[in-house]
Amino acid sequence: MSIDAPERPAPAADRPAGAPARRRPNLRRGLRGVRREIPALVLAALLFLVVILPVLFIILAAFTTRVPRPGGAGLGGFTLENFEILGTSQAVESLLNSLGVGVGAAVLSLLIGASLAFIAARTDAPWRRFVYVAGIAPMFLPAIVGALAWSILASPISGHLNMALREVGIGLTLDAYSYGGLIFVLGLYYAPYTFMLTYSSFAMMNADLEEAAAVHGAGLGSMFRTVTLPLAIPALAGAAILSFVLAVENFPVNAILGNPGDIETLPTYIYRLMAGNPRPNAAAAIAIALTLAVALVTWGQQRIVARKRFTTLTGKGNRPRPVPLRGLRWVATGFAVLYFLLAVVLPVGALLVTATSGAPYANTFADLFSRGFSLDRFAQAISQSDFRTSTTNSVTLALLAAVVGTALAFAVSYVRYRSRTRFGPFLEQTSMMPLAIPQVVLGMGILWAWLSLPFPVYGTLAILVIATVAVNMPQGYRSVSSSMLQLDPDLENSAVMLGASRWRAVRNVTAPLMRTGIVSTLLMLLMLGLREMSAVLFLYTSDTRVLSILVFHSFENGSISYSAAISLIFTLIIAALAIATQVVGARERRARDGS
């Protein structure tokens, strides 16, 4: 770390008699200050291009008559007419649908995820390791794959579950293309986020308070209601708001399950304004409203999550003891088994049956098994050029976005926490900004911004990489920063004091010591890049289509069995990466515990 030398006054012999001492400009100090800010300025310029500039173009498009297009970067004249769409019945209906679906999905994900987290972290229920795995397993399934699977299971006419119910004489009809279906699927696949946010809160909760309640005669229900639940409220509220935001800005589930039931939400309305009957400036006005709503809720979520640290953690040593469930022990485990069946086993089974059955368009449940099974559709899918191209694009996109995203996150985190730059807070806030911007909106802004820049990236994988890096920047930055803050800077400074350059010290000391954290971040961004769809929705071309887009288009074109086959391959790739992430995380914990 450099230390600035104090300025010295000019020698008295060089000054006129009686004149005050004059400070001579310290050119070296000024140059050193400028040089110290160069890395921060370079990073600020990069973040401006991938995050701030797209947001500025969304705002400009909402107040102008045109948007940048291939071959024309003009924005037209100023107008306020674009905001008139906010008063139309379609926009109001989309807003109300988004709010209703978001609230319902948040409540359901909270009930499922928090219950599983409590069972796994605090109780004496059997199979708690399985409960933990069940709580995070649905993250292997992208939301679009889960929506596709439940459209196969619970379509009102040809859904597998409905056909089975009819054959056993039960008149109940499940409808995935309804408000209830949307809320059920979104809540089912956002429950793991609630589980992960609340698990640590329950695990680290001070058990002395619960024991004190038990000593004074409180039963299990009373203790949970008066002690456990109040202590976990900040984490529960933060998880609920996060699930609400994710559900409101979700595009693929709302498109696959909402469109057949004529349920339009704000993301699908924006997509229709951009793709169907193009009104991109009106779409920008809708996008601003959606972004403001998400930003407001995200701000509330961050405040609540921040409070969690002060309400559940103390400096006093704590050894949590399991809460005895007595006769409810196997009921709790049964709840986890039921969730695992609904979120993983049934959807994967439905996709597998549809992809391998000789009669994928059966009228009865028995017909599904009447013509046997084969792997021909997998072979057909693999032989299709669009599948091979999309797979190659997805893997290439994920790899590039992971490498670039990890490098950018490391650089920003290093400058933020290991330098004295005055731009550190700006870099951090800009890196976290995409959390408050719906992915489909940020994708629109990146399209218009980069069409206006003198870089020919439209129509190439490069613009998809830019979009994926931008939307996943908060996760990458937080992951790298957590490892950076755990590492004592004196180790790197010692290398500099012994004569190594700063770059050599980072390369030979800091980066190797953070290797596990960097690899974990790389794998996480690799998995997120493979799942990405909303951000690249307006950026791909026929040559740069990725697997998630191929699944969506195959479903829209009615190729259900083909969609099921490629969805399973898609899921297997993500599951392999997720398992690798868990293995690396476990190795990091062992290394930390052993040091």
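Annotations for the structure displayed:
- Criterion violated by Ser542 - all others in (1) in contact (Cβ under 8 Å) with a residue 24 or more places away in the chain; (2) under 27 Å from Ile463 (Cβ atoms); (3) among the polar types (S, T, N, Q); (4) surrounded by fewer than 23 Cβ atoms within 10 Å (Cβ to Cβ) satisfied: (1)
- Within the stretch 156-172, being open to solvent by less than 70 Å² (accessible area, probe 1.4 Å) and of a type in the set (A, V, I, L, M) holds for Leu161, Met163, Ala164, Leu165.
- Enumeration of residues in the stretch 201-238 that are assigned to a loop (DSSP other than H, G, I, E, B) and either touching a Ser or Thr at 6+ places or on another chain (Cβ under 8 Å) or at pLDDT 75 or above (or both): Met204, Met205, Asn206, His216, Ala218
- Restricting the stretch 502-523 to residues that are in contact with a Leu (Cβ under 9 Å, 6 or more places away or on another chain) and in contact (Cβ under 8 Å) with a residue 24 or more places away in the chain, the residue that is nearest to Val457 (Cα to Cα): Leu523
- The criterion of at least 2 residues that are polar (S, T, N, Q) and within 24 Å of the chain's Cα centre (by Cα) is met by the following helices (runs of 4 or more DSSP H) wholly inside the stretch 421-493: 424-432, 473-486.
- The residues of the stretch 86-107 that are surrounded by fewer than 19 Cβ atoms within 10 Å (Cβ to Cβ) and either in contact (Cβ under 8 Å) with a residue 12 or more places away in the chain or in contact with a strand residue (DSSP E or B) (Cβ under 6 Å, 6 or more places away or on another chain) (or both), listed by number, are Leu86, Gln90, Glu93, Leu99, Gly100, Val103, Val107.
- Within the stretch 367-387, being closer than 14 Å to Leu351 by Cβ and either polar (S, T, N, Q) or free of Cβ contacts under 8 Å to residues at least 24 places away in the same chain (or both) holds for Phe373, Leu375.
- The requirement of being aliphatic (A, V, I, L, M), touching a strand residue (DSSP E or B) at 6+ places or on another chain (Cβ under 6 Å) and either modelled with pLDDT of 90 or more or assigned to a loop (DSSP other than H, G, I, E, B) (or both) is not satisfied by Leu49.
- For the stretch 198-253, a residue qualifies if it is aliphatic (A, V, I, L, M) and within 21 Å of the chain's Cα centre (by Cα), and the qualifying residues are Ala235, Leu236, Ala237, Ala239, Ala240, Ile241, Leu242, Val245, Leu246, Ala247, Val248, Val253.
- Qualifying residues in the stretch 179-198 (those that are crowded, with 23+ Cβ neighbours inside 10 Å and among the hydroxyl-bearing types (Ser, Thr, Tyr)) - the one nearest to Ala239 (Cα to Cα): Thr194
- Qualifying residue in the stretch 525-535 (condition: outside any helix (DSSP H, G or I) and buried (at least 20 other Cβ atoms within 10 Å of the Cβ)): yes
- Within the stretch 378-389, not a single residue is part of a helix (DSSP H, G or I) and in contact with a strand residue (DSSP E or B) (Cβ under 6 Å, 6 or more places away or on another chain).
Rundown of residues vs (1) of a type outside the set (Asp, Glu); (2) modelled with pLDDT of 85 or more; (3) in a loop (DSSP other than H, G, I, E, B), yes/no style:
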residue	(1), (2), (3)
Ile263	yes, yes, yes
Tyr271	yes, yes, no
Ala283	yes, yes, no
Leu292	yes, no, no
Arg303	yes, no, no
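- Test: residue in the stretch 175-197 that is at pLDDT below 85, within 18 Å of Ile136 (Cβ to Cβ) and not small (Gly, Ala, Ser): yes
- All of Thr460, Thr468, Thr516 fail the test of being closer than 19 Å to Met533 by Cβ and open to solvent by 10 Å² or more (accessible area, probe 1.4 Å), apart from Thr460.
- For the stretch 407-446, the set of residues classified as open to solvent by 20 Å² or more (accessible area, probe 1.4 Å) and either hydroxyl-bearing (Ser, Thr, Tyr) or within 30 Å of Asn254 (Cβ to Cβ) (or both) consists of Tyr414, Tyr417, Ser419, Gln429, Met432, Met433, Leu435, Ala436, Gln439, listed by residue number.
- Odd one out for Asp124 among (1) over 28 Å from Tyr269 (Cβ atoms); (2) among the acidic types (Asp, Glu); (3) at pLDDT 90 or above: (3)
- Any chance Ala61 is surrounded by 24 or more Cβ atoms within 10 Å (Cβ to Cβ), among the hydrophobic types (A, V, I, L, M, F, W, C) and either closer than 30 Å to Leu351 by Cα or touching a helix residue (DSSP H, G or I) at 6+ places or on another chain (Cβ under 7 Å) (or both): yes
- None of Ala106, Ala114, Ala137 is farther than 27 Å from Ile58 by Cα and modelled with pLDDT under 90 except Ala137.
- Any hit, the stretch 202-218, residues being open to solvent by less than 30 Å² (accessible area, probe 1.4 Å), aromatic (Phe, Trp, Tyr) and closer than 17 Å to Ile119 by Cβ: yes
- Looking across Phe369, Phe387, Phe378, one residue alone is open to solvent by 50 Å² or more (accessible area, probe 1.4 Å) and of a type in the set (Phe, Trp, Tyr). It is Phe369.
- Of all residues in the stretch 140-155, those that are modelled with pLDDT of 90 or more and open to solvent by 20 Å² or more (accessible area, probe 1.4 Å) total 0.
- Residue check, Leu229 surrounded by fewer than 20 Cβ atoms within 10 Å (Cβ to Cβ) and among the aliphatic types (A, V, I, L, M): yes
The values are calculated or read from the model by the stated rules, or taken from the named source; none is laboratory data. Please read these numbers as outputs of a predicted model, since none were measured by experiment. Virtual Cβ from ideal backbone geometry, glycine too; neighbours counted across all protein chains shown. Note: accessible area is taken over every heavy atom of the protein model, side chains too, but ligands, DNA and RNA are not part of it. Shrake-Rupley method; radii C 1.70, N 1.55, O 1.52, S 1.80 Å.
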